[in-house]
Amino acid sequence: MNNQIVINIDKISALCKTRGFIFPGSEIYGGMANTWDYGPLGVELKNNIKREWWKFFVQQNPTSVGMDGGILLNPLVWKASGHVDGFSDPLMDCKACKTRHRADKLIEAASKGKVNADFKPNEWLEKWIADNKVKCPTCGKIDWTNIRQFNLMFKTFRGVTEDATNAVYLRPETAQNQFVDFLNVQRSMRLRVPFGIGQIGKAFRNEITPGNFTFRTVEFEQMEHQLFCREKESKDFYDLYKKKAMEFYTERLGLDKKKLRFKDHEHLCHYAKMACDMEYEFPSLGFSEIAGTHHRGTHDLSSHAKTSGKAQDYTDPVTGEKFVPTVIESSHGCDRILLACLCNAYSEEAVTADSKDSDGNRVVLKLHPRLAPYKVAVLPLQKKEQGDMATKIYTELCKDFPCTFDDTASIGKRYRRQDEIGTPFCITVDFDTEKDNTVTIRERDTMKQERIAVAKLKDYINERIK
Ligand code: ATP
């Protein structure tokens with residue numbers, strides 16, 4: 001079966017829905033484009049990814065601290081950051097089927113990734129699309145409007161009147177919190193440059209082009225780390241944070257290194273000195289961005305100093321040296337990473353080993369045990385005979401691990417269910433358990449089973465989750 005496996009985003013999305021990972025947003029009302037809800041298993045997986053990121057970039061990073069800033073900020077923040085005037089996409093409508101598309105993405109797709117259209121002027125984009133007779137990916141016709149720039153920020157109003165003076169924005173990125181609170185964090189924590197501030201939180205963008213499941217959504221979570229340093233050390237930190245990103249994805253999340261690559265930005269925005277994306281090779285989508293490392297220079301702190309009228313200079317508490325620090329940003333999209341983890345883990349295999357009921361195939365999510373929503377499933381062989389004993393074991397294990405309990409259907413079917421949601425260990429409580437206080441523990445990927453004393457379960461699982 002392995003050689004015919006076709007893994008695509010639709011398959012992953014179907015599994016996510018039926019197994020409680022991710023549901024379409026507001027589904028009973030017909031849904032809402034590019035919105036999704038994380039279900040019981042999705043929220044566990046997401047929390048595990050966020051926990052790993054926080055440990056790696058904040059807690060185990062000796063020079064870093066964390067913060068949690070607001071979603072709504074003074075609108076001048078977005079004026080200073082350039083988002084009010086410049087955070088827009090070049091959009092074209094297909095007059096034939098009324099769908100809307102990003103001109104730069106149309107070019108990238110039509111040229112099979114050979115042409116990078118980032119930051120190109122609208123006239124250049126329109127000409128390329130006309131010269132190359134780019135068809136609408138939805139209906140196949142060539143009937144485009146001219147490009148219109150479309151600001152991606154969600155605007156709302158604060159207070160009782162809906163006029164321009166009351167306009168506020170849902171933050172389109174989390175990074176600005178770290179910049180506007182830079183001096184508060186530095187002074188209150190008596191930090192010396194170089195140091196970093198990490199933050200995890202929601203960001204919002206009015207994305208109206210196709211989302212490809214959770215790859216592009218209007219509401220998503222970012223995990224961002226800003227490293228404040230001296231200009232002369234910034235290149236070394238830029239390289240270090242690229243390396244850290246690779247380590248995080250491969251060592252901590254278990255993504256396949258062969259499916260990851262860096263892609264330098266060919267065109268930099270005016271303040272950036274260096275920038276690169278981390279791309280993952282998704283089924284159906286190909287290599288696509290999941291994270292970025294950006295050298296932002298002193299742009300953000302200097303712009304906020306200018307717009308607010310408040311100097312953002314750092315004064316070294318020991319040497320008295322005064323300067324505006326340079327920023328190296330490490331920016332990660334939690335939702336895209338979660339999707340990458342699911343794609344990376346999804347596998348279909350032929351099996352005969354442990355099930356009479358199996359048709360010879362199984363779907364298994366080979367998630368890193370640290371990320372798996374449940375670490376253990378407790379399965380009494382027979383509900384009546386071993387139900388109580390199994391409940392006792394389950395209740396005890398719940399104190400240490402996220403566990404699930406299943407006493408319905410045959411043992412083979414129950415193994416399959418756990419395989420599909422990525423549970424690394426299944427514990428079967430059987431006739432012998434009462435006699436000798438042992439259970440069978442089955443490992444998800446190898447399907448190997450061994451007999452183990454109930455008293456040793458906690459240590460056994462702990463050791464392997466690491
Ligand atoms: P893209 O070019 O795909 O629109 P971007 O370059 O605008 O992405 P950044 O502003 O660098 O993205 O944001 C950092 C990270 O946040 C991205 O690498 C991505 O993982 C995530 N992200 C950005 N936009 C979205 C979105 N609409 N939905 C889900 N995740 C997103």
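For region 93-232, the solvent-accessible area of protein heavy atoms averages 51 Å² per residue (probe radius 1.4 Å; ligands and nucleic acids excluded).
For S26, the shell of other residues with beta-carbons less than 15 Å away shows a net charge of -2, using +1 for Lys and Arg and -1 for Asp and Glu. The long axis of helix 122-131 is offset from the longest Cα principal axis of the chain by roughly 60 degrees. Of all aspartates and glutamates in the structure, the ones whose alpha carbon falls short of 16 Å from that of K55, not counting any fewer than 8 places away in one chain, are D68, E224, E247, E251.
Projecting label points 7 angstrom from Cα along Cα→Cβ for A130 and A96 puts them 1.8 nm apart. Note: relative contact order over region 316-466, using C-alpha pairs below 8 Å and six or more positions apart, is 22 percent.
Taking every alpha-carbon pair in the chain and binning the separations at 10 Å intervals from zero gives 4, 17, 25, 23, 17, 10, 4, 0 percent.
Angle of helix 9-18 to the longest C-alpha principal axis of the chain, folded into 0 to 90 degrees and rounded to 10: 60°. With the Cα gyration tensor of region 1-54 giving a ≥ b ≥ c as the square roots of its eigenvalues, does the rule (a/c under 1.5 for rounded; else a/b larger than b/c for prolate; else oblate) give rounded, prolate or oblate? Cα axes put region 1-54 in the oblate bin. Counting only lysines at least 8 places from K95 when in the same chain, those with an alpha carbon closer than 26 Å to its own are K105, K112, K120, K127, K133, K135, K141. Sites listed here are GluC sites (Glu not before Pro) in region 129-230 whose DSSP assignment is loop and whose Cβ has at most 13 other Cβ atoms within 10 Å: E162. Where a ≥ b ≥ c are the square roots of the eigenvalues of the C-alpha gyration tensor, would you call region 107-255 rounded, which needs a/c under 1.5, or, failing that, prolate if a/b is larger than b/c, or oblate? Here region 107-255 falls in the oblate category. One equal scatterer on each Cα of region 162-247, no solvent, Debye formula: the resulting log10 I(q)/I(0) at q = 0.17 Å⁻¹ is -0.91. On a per residue basis, region 259-402 carries 43 Å² of accessible surface, using protein heavy atoms and a 1.4 Å probe.
With just the Cα atoms defining each centre, how far is region 1-58 from region 401-466? Give it in Å. Comparing the Cα centres of region 1-58 and region 401-466, I get a distance of 25 Å. Anisotropy class assigned to region 297-405 is prolate, per the alpha carbon gyration tensor with a/c at or over the 1.5 cut-off and a/b larger than b/c.
Tell me the carbon and sulfur percent of the accessible area for the chain, rounded to whole percent, probe radius 1.4 Å. Here it works out to 50 percent. For the chain, the relative contact order comes to 14 percent (Cα pairs under 8 Å, sequence separation of at least 6). Restricting the GluC sites (Glu not before Pro) of region 305-389 to loop positions (DSSP other than H, G, I, E, B) with no more than 16 neighbouring Cβ atoms within 10 Å leaves E321. If the segment from D143 to I5 were pulled out straight at 0.36 nm per residue, it would be longer than the present Cα-Cα gap by 46.0 nm. With both partners inside the chain, how many of the DSSP beta bridges are antiparallel, as a percent to the nearest 5? Percent antiparallel among DSSP bridges in the chain is about 85.
Under the convention that each Lys and Arg Cβ holds +1 and each Asp and Glu Cβ holds -1, the size of the dipole of the chain around its Cα centre is about 340 debye.
Dipole orientation for the chain: of the candidates H304, L342, F56, H304 has the Cα lying most toward the positive pole (charges on Cβ; Lys, Arg +1; Asp, Glu -1).
The values are calculated or read from the model by the stated rules, or taken from the named source; none is laboratory data. Please read these numbers as outputs of a predicted model, since none were measured by experiment. Methodologically, a virtual Cβ is constructed for each residue, glycine included, from the backbone with ideal geometry; neighbour enumeration extends over all protein chains shown. Note: accessible area is taken over every heavy atom of the protein model, side chains too, but ligands, DNA and RNA are not part of it. Shrake-Rupley method; radii C 1.70, N 1.55, O 1.52, S 1.80 Å.
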